[in-house]
Structure formats: structure tokens, C-alpha cells
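Colleague: There's a structure below that I have some questions on.
What follows is calculated from the coordinates using simple rules that are stated; it is not laboratory data. This one's a predicted model, so the numbers in the text were calculated from it and none came from an experiment. Reconstructed Cβ throughout: ideal geometry from the backbone, glycine too, with neighbour counts over all protein chains shown.
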Amino acid sequence: MSTLGDRLIQLRNKKQLKQNEAAKLIGISSTNLSRYEKGKRKPDKETLYLLANFYNVQPSFLLFGEENNYLDLFSDITEEEAKMLKEYLIKIREDK
């Protein structure tokens, strides 16, 4: 069974980021991210949501490993594709 820390490491590796790079992008200290990944500390609610948002997963996935993630559809797209989809959605919404 994987832990919160295991899932954080897996998600960070999937983005091909070093710990300090991910922490900076998330907006937390690399020391705290290290503690979360090593299981020495659990994130507070606000940080949990920052982590989930950054990794495009539900907080429940981080905490419990629940795979029911509405964003799974987008798990294999690149950052560039994500930007294009966002621009497309903005255009569709403007045209309504």
C-alpha cells in the first residue's frame, strides 16, 4: 500500500521535476515538501489543496490513494496540450 509520501514522489517524478523545482512551483518550501514525501509531516488543508491542484489530482487521491479522479482523462497530455485546451475552452465560452 502506498503512502501520501509515495504518491507525492510518484506524481513529482511523473512531471520530471526535482524536489526543489516542484516546491517552488507549488509555492511551498522544499524542506516541507521533503517532509511530506518522507512521511515526517502531513500537509495542512490549504497545502493539501495546493499539492492536489499542482498535480491535477483530487485531495482524496493524495490522502487515501483513491483513483476516482475526474482529471484522469488528461493524465497523459503535455503542458502545451493543456494550454491549448484551456485556450479552446475560453474561446468556446466566449462564443456562447
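Colleague: Which values, in whole Å and largest first, are the semi-axes of the equivalent ellipsoid of the chain obtained as the square root of 5 times each eigenvalue of the Cα gyration tensor?
Modeller: After scaling each eigenvalue by five and taking roots: 27, 15, 12 Å.
Colleague: Next question. Give the Rg (one decimal place) followed by the Dmax (whole number) of the range 5-52, computed from C-alpha coordinates and expressed in Å.
Modeller: 9.5, 25
Colleague: Between Asn32 and Ser60, how high is the FRET efficiency from 1/(1 + (r/R0)^6) when r is the Cβ-Cβ distance and R₀ = 35 Å? Nearest 0.05.
Modeller: 0.95
Colleague: Determine the gain in length on full extension of the stretch Ile92-Glu80; use 0.36 nm per residue of separation and subtract their C-alpha separation, reporting nm with one decimal.
Modeller: 2.5 nm
Colleague: So, R0 is 30 Å and r is the distance between the beta-carbons of Asn13 and Asp44; what FRET efficiency does that work out to, to 0.05?
Modeller: The calculated FRET efficiency here is 0.80.
Colleague: Take peptides 79-88, 38-47 and line them up by average Cβ neighbours within 10 Å, highest first, as a rough protection proxy.
Modeller: For the peptides 79-88, 38-47, the packing ranking is 38-47, 79-88.
Colleague: Here's a follow-up. Excluding Lys15 itself, calculate the net charge of residues whose Cβ lies under 11 Å from the Cβ of Lys15, where each Lys or Arg counts +1 and each Asp or Glu counts -1.
Modeller: Taking every other residue near Lys15 into account, the sum is +1.
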